[in-house]
1. From the set of residues in region 59-82 that are of a type outside the set (A, V, I, L, M) and in a loop (DSSP other than H, G, I, E, B), which is farthest from Gln2 (Cα to Cα)?
2. Filter region 210-240 for residues that are more than 14 Å from Tyr184 (Cα to Cα) and more than 20 Å from the chain's Cα centre (by Cα); which is most open to solvent (accessible area, probe 1.4 Å)?
3. Can you tell me which condition Lys24 does not meet? The list is (1) in a loop (DSSP other than H, G, I, E, B); (2) open to solvent by 40 Å² or more (accessible area, probe 1.4 Å); (3) of a type outside the set (Val, Ile, Thr), and all the others hold.
4. Is it the case that Thr37 is over 13 Å from the mean Cα position of the chain (by Cα), hydroxyl-bearing (Ser, Thr, Tyr) and open to solvent by 70 Å² or more (accessible area, probe 1.4 Å)?
5. Any idea which residue in region 61-86 is nearest to the ligand (Cβ to nearest atom), counting only those that are open to solvent by 20 Å² or more (accessible area, probe 1.4 Å) and touching a residue at least 60 places away in the same chain (Cβ under 8 Å)?
6. Just for region 124-142: of the residues that are assigned to a loop (DSSP other than H, G, I, E, B) and surrounded by 23 or more Cβ atoms within 10 Å (Cβ to Cβ), which one is farthest from the chain's Cα centre (by Cα)?
7. From the list Gly9, Gly17, which residue is within 13 Å of the ligand (Cβ to nearest atom) and either part of a loop (DSSP other than H, G, I, E, B) or outside the structural domain of Leu233 (by TED's automatic domain parsing) (or both)?
Amino acid sequence: MQKTILITGSTSGIGLGIAREFAKTKSYNIIFNGLETNGQEIADNIAKEFGIAVMYSNANMLKPEELRKMVGDGISKFGKIDVLINNAGIQFVSPIEDFPDDKWNAIIAINLTSAFYLSKAVWPGMKERKFGRIINIASAHGLVASEFKSAYVASKHGIVGLTKTLGLEGAPFNITCNAICPGYVKTPLVEKQIADQAKAHNMSPDDVVNKVMLYKQAVKEFVSLETLGQMALLLASEQSNTITGTAIPIDGGWNAQ
Ligand code: NAD
């Protein structure tokens, strides 16, 4: 039987890459979400390419009522939500003394608090059906810090804590919750960082990639969308019922050091 997955921030980058891996299996209805203005078109193209049913919502992670409505609309359309991937996220880089208050609040709200609201909204259905899979896209920065990323590192450490707690609370109901902690993935979020850092440090984009970003990874390669998608597919499966409360680094060995 077809399962339904809701992936936040899935009209770009990692979320879209993961959605493609789920679409390839043809076993999932996909609820797309994101702020890209062509979000509906992106979702429709995947539906056409893979012959699956989709829905698109532009719910803003900053607005709890829009998140609850997205879940309600998804349940009305597909009857249930089996898998939730909390992926939408933003970044801002600044020394602490200049870090804008509004950026701190937005990063915590989008990267962390939205996962609380959405997990809470899908939980009763998952509990009733005795099946649920919640996957949080944290970051290598959910396990270690880098300077100038105070809000991002705090939000990602926070979501790892939420993951552990939901893993424990979900255990009696076959609801698992796990975090995937990627190293660098070449998405629009990272392209922007490369450009910003090149400007800030007067370096070439190649030097930013090799001397700043991949410096901490033992494997000097960006993490691929397919690798993340395959891990998400495993965590979403029926067989993964004993994998819960984990934070799984896919970071080229960054966290091994
Ligand atoms: P991206 O910028 O390509 O995509 C982010 C998505 O989130 C977009 O669809 C965007 O519309 C959506 N989004 C942002 N703010 C939103 C809001 N207020 N409401 C609704 N949607 C919103 O970024 P990405 O690199 O694909 O990042 C996805 C996730 O992966 C983030 O949580 C990020 O922290 C995490 N991550 C990224 C990397 C990396 O190297 N790219 C590494 C580790 C973790």
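The values are calculated or read from the model by the stated rules, or taken from the named source; none is laboratory data. The structure displayed is predicted, hence computed values, not measured ones. Every residue, glycine among them, receives a Cβ derived from its backbone with ideal geometry; neighbour counts consider all protein chains shown. These area figures cover heavy atoms from the full protein model, side chains too; ligands, DNA and RNA do not enter into them. Shrake-Rupley method; radii C 1.70, N 1.55, O 1.52, S 1.80 Å.
1. For region 59-82, the residue satisfying everything is Lys63.
2. Going through the qualifying residues, I end up with Gln239.
3. (1)
4. Spelling it out, Thr37 is indeed over 13 Å from the mean Cα position of the chain (by Cα), hydroxyl-bearing (Ser, Thr, Tyr) and open to solvent by 70 Å² or more (accessible area, probe 1.4 Å).
5. Within region 61-86, the match that is nearest to the ligand (Cβ to nearest atom) is Phe78.
6. This residue is Ser139.
7. Gly9
Rundown of residues vs (1) polar (S, T, N, Q); (2) away from the ligand (no atom under 12 Å from the Cβ); (3) without any contact (Cβ under 8 Å) to a residue 24 or more places away in the chain; (4) outside the structural domain of Arg133 (by TED's automatic domain parsing), yes/no style:
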| residue | (1), (2), (3), (4) |
| --- | --- |
| His157 | no, yes, yes, no |
| Gly167 | no, yes, no, no |
| Ile180 | no, no, no, no |
| Glu191 | no, no, yes, yes |
| Ile194 | no, no, yes, yes |
| Leu214 | no, no, no, yes |
